[in-house]
Amino acid sequence: MAVGVIVSTGGGKQHPGKMTPFVFLTCLVASSGGLIFGYDIGISGGVTSMDSFLSRFFPSVYKQQMADSSTNQYCKFDSLLLTLFTSSLYVAALLSSFLASTAVPVYLSEMAPAFLRGTLNIGFQLMITVGILAANLINYGTASIKGGWGWRVSLGLAAVPALIITIGSLVLPDTPNSLIERGHDEEAKAMLSKIRGTEDIRAEYDDLVAASDEAKSVHHPWSNILQRKYRPQLTMAILIPCFQQLTGINVIMFYAPVLFKTIGFGSEASLASAVITGTVIVLGTFVSIATVDKLGRRALFLQGGTQMLISQLVVGTLIALKFGISGAATDVSKNYASIIVLFICFFVAAFAWSWGPLGWLVPSEIFPLEIRSAGQSINVSVNMFFTFFIAQVFLTALCHLKFGLFYVFAGILFYRFLAPPSPTIMTAFIAFFLPETKSVPIEEMVLVWRKHWFWSKFISDEDVHVGNPEAADDRFKDA
Ligand code: BGC
């Protein structure tokens, strides 16, 4: 299992380290925090498409969706209360993110050696997707339970991932950064040596101590993060999660069964289609795990954004052709519906290897220690706010904007609406403003911004307290 390498960031300082079984297992256990997040995302859509659940808790929606297919299909599930059932969870998550900063992605990035940070961090996203797929499979199974109480099993099984993370959090060790910050220097050295699989940890340890000293001089991280020198990180902490959610991915994750029912699938076929998208998202995440530390973050962002854009436009057009403005379903053949599902899968796959995992990885690796928890709180709360927003408005928006809703999402992905091959807003943003962060030790990330064509204006030489700026010029000249 252990693979020895010397990490080179392109000249200058090198941090020795290898993938040890200990760091692998630790990251695996920590990643399981994603399971409950994923399970919650995947479970509500399936439950709200079950007749027994709808007739009991949302009788008016139940009546509406039992109406025949010549009525407006776009509005079948339009109910404020129904969407609140899904979205309210993310308001709770938003509030708690100010206390917990959502610890998992940062924990993973601090534990992982720089050259494998992407792979290990994406374990979190992998667990999110496994949670979503598990929820989809469970809904598929429980929907057929006679007596109509299957939804109780679906909701009750959320206790399983909750138990896993509770046990996991009891056995996880502290990161070296956290130990140094709390004054446990010898334990920090021992932990660093254990997770890197080498005694030769001097250079990395010195960087961590320098970062910790810098952090101690900052007493108000929440106001400090507004300083000019942190503008690049603050911008990323706000825009990356915002764009991630505005891709529209959660329309599919939350409402896939409802959406498939809207376009003419029966109950069982809708749940089965959600299992298909759930499987695609898990498989797609492996693509990211395998390539993120080789191809880098930017290549995945750019390719994924473009593929999502094309898929959205095709889905919107196929729905427009069949349902038009009236929303009355005529004859949606099996083949036609399968082509829609196919393009939804292209979209989901692209998200799975780009904006999904990178939306957590990049913000977790760019903050210097002194503003890391404030920065991560902002990242998570923006993510949760937009998750809530999409969950809350989608079904109403679908009712009013009809197929045009898919063009709205595509428009966000697009730079100039309907003018291919223009870059997308998100993709253009990444292309111009996000430097490559692959293999750069977190404590040296400031050097990446300092060398960037735009962000360098915000960072002066006095703001750079790590590394050797001359060597850094060589190391980060491609960023
Ligand atoms: C996003 C979630 C999304 C999930 C889908 C995560 O990265 O934050 O909102 O549902 O990916 O896999």
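Numerical summary
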quantity: Within straight-line cross-link reach of residue 216, lysines at Cα separation under 22 Å, skipping those fewer than 8 residues along the same chain; calculated: 189, 229
quantity: Given charges at beta-carbon only (K, R positive; D, E negative), |dipole| of segment 138-236 in Debye; calculated: 800 debye
quantity: Per-peptide average of other Cβ atoms within 10 Å, ordering 428-440, 35-47 highest first; calculated: 35-47, 428-440
quantity: DSSP-loop GluC sites (Glu not before Pro) across segment 157-200, with at most 15 other Cβ within 10 angstrom; calculated: 199
quantity: Under 13 Å, Cβ to Cβ, from residue 370 - net charge with Lys/Arg +1 and Asp/Glu -1; calculated: -2
quantity: Highest-first arrangement of 220-230, 129-139, 275-285, where packing means the average Cβ count within 10 Å; calculated: 129-139, 275-285, 220-230
quantity: Local electrostatic count, residue 221, Cβ distance below 9 Å [Lys/Arg +1, Asp/Glu -1]; calculated: 0
quantity: Segment 107-135 versus segment 144-181: alpha-carbon centroid distance in Å; calculated: 16 Å
quantity: Under 24 Å from residue 261, Cα to Cα: lysines that are on another chain or at least 8 residues apart; calculated: 63, 76, 146, 322, 334, 402
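Values quoted throughout were computed directly from the atomic coordinates according to the rules given, and no laboratory measurement underlies them. Since the structure is predicted, the reported quantities are computational estimates derived from the model, not experimental observations. Note: ideal-geometry Cβ built from the backbone for every residue, glycine included; neighbour counts use all protein chains shown.
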